[in-house]
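Everything on this sheet refers to the single structure shown next.
The values are calculated or read from the model by the stated rules, or taken from the named source; none is laboratory data. Predicted, not measured: the structure shown is a model, and the values here were computed from it. Because the Cβ atoms are built from the backbone with ideal geometry, glycine has one as well, and the counts that use them run over all protein chains shown.
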Amino acid sequence: MLSSKVILLGAVLMLAGCAHYEWMKPAGDPSTFGVDSYNCKQSSMGSAPPVFQTYGAMPPPRPPVHTRCFNDGYREVCKTVVEGGPYVPPPRTVDLNAANREDMYQACMGAQGWVYQRVDE
């Protein structure tokens, strides 16, 4: 009984992982996808060009350096210590128009008769 449940669960998981999304053209010629997609990408890029914004703190100032010297018998010994500073995450750059461009692309493809739908294998 247990093995049949395991097999059923495995089959369900395999079927769930086989679905993906594709552009389909229910009415019309699906071979025009490349041309339609290219034209829509060009149009959306022209209407919503990339606008980059960098977020994040500036690099921290140079950490303090201390040199301490002491006598060790007949000689003087100096040690230099570099103190660590707080962790500062690296800045990240974001395209502020990426979502707008994607919305315009999808609207353009929809206007051309394309539908973005789930395909089960």
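Observations, loosely collected:
- Of residues in region 94-121 being of a type in the set (Asp, Glu) and modelled with pLDDT of 90 or more, the one farthest from Gln42 (Cα to Cα): Asp95
- For region 27-66, the set of residues classified as part of a loop (DSSP other than H, G, I, E, B), modelled with pLDDT under 90 and under 22 Å from Glu102 (Cα atoms) is empty.
- Qualifying positions in region 81-121 - of a type in the set (D, E, K, R) and in contact with a helix residue (DSSP H, G or I) (Cβ under 7 Å, 6 or more places away or on another chain): Arg101
- Residue match in region 80-93 (condition: modelled with pLDDT of 90 or more and not basic (Lys, Arg)): yes
- For region 106-119, the criterion of a residue being exposed (fewer than 10 other Cβ atoms within 10 Å of the Cβ), touching a residue at least 12 places away in the same chain (Cβ under 8 Å) and farther than 29 Å from His20 by Cα is satisfied by no position.
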